[in-house]
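Student: Structure incoming, see below.
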Amino acid sequence: MTGRALGAAGDGGVPVPALRYRMVSVSPGELPGLRDELAGWSRCAGLGRDAVEALALACYEAMANVVEHAYARAGAMDVEAVHFAAERRVQVTVTDRGSWVPLDWGSDVDRGRGLPLIRRLADEAVVTPGDAGTEVRMSWSTPGA
């Protein structure tokens, strides 16, 4: 991982530097560290405890979807978190360069809940599939918005 969160905990009104990870190896072992970095960054941007937890879970789910669905074997993803202080919101984008790899779910009825979960957890979530990969853009309002 090459990004890091800077800044101190704030009320969401002072911009926190962006957190950017480029070409992160798509591996389940990378996800907990990225999730924790995003949670810490979002606290610095002024999100409250419940919103931090929602952001961490939604981002983890988006990244897990890359691991499961974007590549047949190895691949990479980008993760970017941006604090728009003037708009009092944060935005996290998870982007892959893969193509849909369907899973053989068989009778596993507990599958297929990731995108609805992301949409419930984020104030706004937009999924943009394309020939060059998929982008999941999620945003949350900071206090006072």
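Student: Could you please let me know if D50 is open to solvent by 60 Å² or more (accessible area, probe 1.4 Å), modelled with pLDDT of 95 or more and within 29 Å of G98 (Cβ to Cβ)? Explain how you work it out, then say what you get.
Tutor: Working: open to solvent by 60 Å² or more (accessible area, probe 1.4 Å): yes; modelled with pLDDT of 95 or more: yes; within 29 Å of G98 (Cβ to Cβ): no.
Criteria not met by D50.
Student: Between a residue in region 122-139 that is under 12 Å from V94 (Cβ atoms) and any residue that is surrounded by fewer than 12 Cβ atoms within 10 Å (Cβ to Cβ), which pairs come within a Cβ distance under 7 Å, given they are 6 or more apart or on different chains?
Tutor: T134/T128; E135/T128
Student: Does A86 meet the test of being closer than 27 Å to V14 by Cβ, open to solvent by 70 Å² or more (accessible area, probe 1.4 Å), modelled with pLDDT under 95 and not basic (K, R)?
Tutor: In short, yes.
Student: Determine which single condition V79 fails, assuming it passes every other condition in (1) in a helix (DSSP H, G or I); (2) out of contact with any Pro (no Cβ under 7 Å at 6 or more places or on another chain).
Tutor: All conditions pass for V79, except number (1).
Student: Looking at region 21-38, which of its residues are under 17 Å from M138 (Cα atoms) and open to solvent by 10 Å² or more (accessible area, probe 1.4 Å)?
Tutor: Scanning region 21-38 gives R35, D36, E37.
The values are calculated or read from the model by the stated rules, or taken from the named source; none is laboratory data. As the structure is a prediction and not an experimental result, all values here were calculated from the model. Here Cβ is always computed from backbone atoms with ideal geometry, including for glycine, and neighbour counts include all displayed protein chains. These accessible areas exclude ligands, DNA and RNA; they are computed on the full protein's heavy atoms, side chains included. Shrake-Rupley method; radii C 1.70, N 1.55, O 1.52, S 1.80 Å.
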